[in-house]
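Some notes on the structure that comes next.
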Amino acid sequence: MELTKEEQAILSGSQGNTMAKIMKTVVEFGDVFGAKRLVPITHASHFVTSFGLGLLKPLYRINDEIIKAGIKTKEPFTIDPRPIDYKNVKCSLLNKLIFSKIMYSQQKAYEEQLRQIGLKDDNSFTCTSYFEEVGNTPKYGDILGWAESSAVVYANSVLGARCNRNSGVLDLFAAIIGKVPEFGLLTDDGRKADWVIEIKTSKLPEAQILGSAIGLKVMEDVPYVIGLDKYLGSELTDDVKSYLKDFGAATASNGSVGLYHIDGLTPEAKKFGKKLLKKDAKVYEITDEVLDKVYHNYPVLWKNLNAKPKLCFIGCPHLSTQQLKTWSENILSELAKKNRKRVAVRTILTTSPQIAQAFAKTDLCRQVTKAGVRISSICPLMYTNNPIAGKKPIITSSNKLRTYSSSRYYKDAEILDIITGGQR
Ligand code: F3S
């Protein structure tokens, strides 16, 4: 990689040994991917590692060294959700013990390190930092050094920012240097589509299953989706952005998609249209049958397939304001239809702290919590990803959570029916 004089000087130690090591790591990362240069990051960072796992000792040592050297990120950063929320997501004593003494034993100390390095504020723990309510919203063309896969794919696709799927720690180093290596999704060529996805379904597909089908097919390639604007329209309304958030997270977790284009809808597709297609782009047709097959092939990892669900998580990635409202209204109206006062399954709606705080002031929140639903800003995956919680029959409408845990996936309408007392 060709470095500027200033970058070369940092590499040689002009800003101290720690900065030199950070620069060396970023440069070597770029070399591996054939980057020719570093380019400035133009928007605040968002980190993926939000959990104080006892096992992450090397990270804590790195942070200690950074703090000792008086180094901070160029801009205050946001970060993924916390793994625990004892107030809203109750744990058994044993589970609490495992969380506080074994799994997330370093949570408090790690958060203190984050504060010293440049954490924006105590409300900065969410994977949907790009929503306006949270305020870490990149604009079209911004260069980012993010790593959270669901946020990267949203920023690239829906906002038109430019970001590779970086790793944890690399996001920290890039935020300190204020630069990232230029390759992949940062380049015009890297943003061209390898696949044409033709939507030939009878109705708007379930976002999570469509994302899953596309992710499984294209893996890390860039898909250009044709025919979805027929259902979603040509404007990025709140409903559409929520749909694309969930769709993108599924493409990124069932495959490793970092960018997608939706014909007639997402910013680059609107600007460049089919010029974004590579000459040899492959074609994949999505029909109702394809989606049914994908859905019915999801493995169910519960020991007892007939177990009654004990817990339900909705909101991975975190719900938007509009989704939180819609889910709450739907739960209340379905309970009323079934003549019930409370949900049949302990249900947690997860959203960012900002959205949760605003929602807490509404009558809708009072009603839905009275019906037994809890609002939390936890990361459901971090909560479920342990041997004790992993044994519980947990249900979710998130394909990402299904993919990385033993939670069982149901479509939105099915989940609504189950949590409001419907029998299966
Ligand atoms: Fe967000 Fe945690 Fe899901 S970071 S996308 S709630 S796994």
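Taking the range 354-382, which residues are within 16 Å of the ligand (Cβ to nearest atom) and in contact with a helix residue (DSSP H, G or I) (Cβ under 6 Å, 6 or more places away or on another chain)?
So the first thing to find is which residues in the range 354-382 are within 16 Å of the ligand (Cβ to nearest atom), and the list is 354-356, 374-382.
Those that are within 16 Å of the ligand (Cβ to nearest atom) and in contact with a helix residue (DSSP H, G or I) (Cβ under 6 Å, 6 or more places away or on another chain): ILE355, ILE375, SER377, PRO380, LEU381.
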Among the candidates ILE102, ILE62, which residue alone is farther than 23 Å from ALA356 by Cα and buried (at least 17 other Cβ atoms within 10 Å of the Cβ)? ILE62
Among the residues of the range 328-342, is there at least one that is away from the ligand (no atom under 16 Å from the Cβ), on the phi < 0 side of the Ramachandran plot and among the β-branched types (Val, Ile, Thr)? yes
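So how many residues does the range 46-55 have that are more than 16 Å from the ligand (Cβ to nearest atom) and either touching a helix residue (DSSP H, G or I) at 6+ places or on another chain (Cβ under 8 Å) or open to solvent by less than 40 Å² (accessible area, probe 1.4 Å) (or both)?
Step one: of the range 46-55, the residues more than 16 Å from the ligand (Cβ to nearest atom) are 54-55.
Keeping just the survivors that are either touching a helix residue (DSSP H, G or I) at 6+ places or on another chain (Cβ under 8 Å) or open to solvent by less than 40 Å² (accessible area, probe 1.4 Å) (or both) gives 54.
Residues that pass the stated criteria total 1.
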Candidate set from the range 392-411 (those that are closer than 13 Å to CYS316 by Cα and open to solvent by 40 Å² or more (accessible area, probe 1.4 Å)); member that is farthest from the ligand (Cβ to nearest atom): THR403
Might you check whether a residue that is open to solvent by 10 Å² or more (accessible area, probe 1.4 Å), within 12 Å of the chain's Cα centre (by Cα), over 19 Å from VAL222 (Cβ atoms) and not β-branched (Val, Ile, Thr) occurs anywhere in the range 122-129? yes
Pairs, please: C-beta under 6 Å, at least 6 apart or cross-chain, first residue closer than 22 Å to GLY190 by Cβ and in the range 17-45, second assigned to a loop (DSSP other than H, G, I, E, B) and open to solvent by 80 Å² or more (accessible area, probe 1.4 Å)? ARG37/GLU2
Among (1) under 30 Å from PHE359 (Cα atoms); (2) outside the structural domain of SER242 (by TED's automatic domain parsing); (3) surrounded by 22 or more Cβ atoms within 10 Å (Cβ to Cβ); (4) touching a residue at least 40 places away in the same chain (Cβ under 8 Å) - the single one GLY118 does not satisfy: (3)
Among the numbered criteria (1) away from the ligand (no atom under 16 Å from the Cβ); (2) open to solvent by less than 10 Å² (accessible area, probe 1.4 Å); (3) farther than 25 Å from ILE71 by Cβ, which single criterion is violated by ILE176? (3)
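Considering the range 65-85 alone, what residues qualify as being among the small types (Gly, Ala, Ser) and either open to solvent by less than 60 Å² (accessible area, probe 1.4 Å) or in contact with a Cys (Cβ under 7 Å, 6 or more places away or on another chain) (or both)? Walk me through how you get there before you give the answer.
Our first condition is that a residue be among the small types (Gly, Ala, Ser); within the range 65-85, this holds for 69-70.
Across the range 65-85, the qualifying residue is only ALA69.
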Heads up, the strands (runs of 3 or more DSSP E) in the range 163-248 (entirely inside) with at least 2 residues that are in contact (Cβ under 8 Å) with a residue 60 or more places away in the chain and under 26 Å from PHE47 (Cα atoms) are 179-181
Looking at (1) more than 30 Å from LYS310 (Cα to Cα); (2) surrounded by 17 or more Cβ atoms within 10 Å (Cβ to Cβ), can you tell me which one ALA20 breaks? (2)
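The values are calculated or read from the model by the stated rules, or taken from the named source; none is laboratory data. Treat the numbers as computed from the prediction; the structure is a model and nothing was measured. FYI the Cβ positions are ideal-geometry reconstructions off the backbone, even for glycines, and counts take in every protein chain you see. Calculation scope for accessible area: heavy atoms of the full protein, side chains included, ligands and nucleic acids excluded. Shrake-Rupley method; radii C 1.70, N 1.55, O 1.52, S 1.80 Å.
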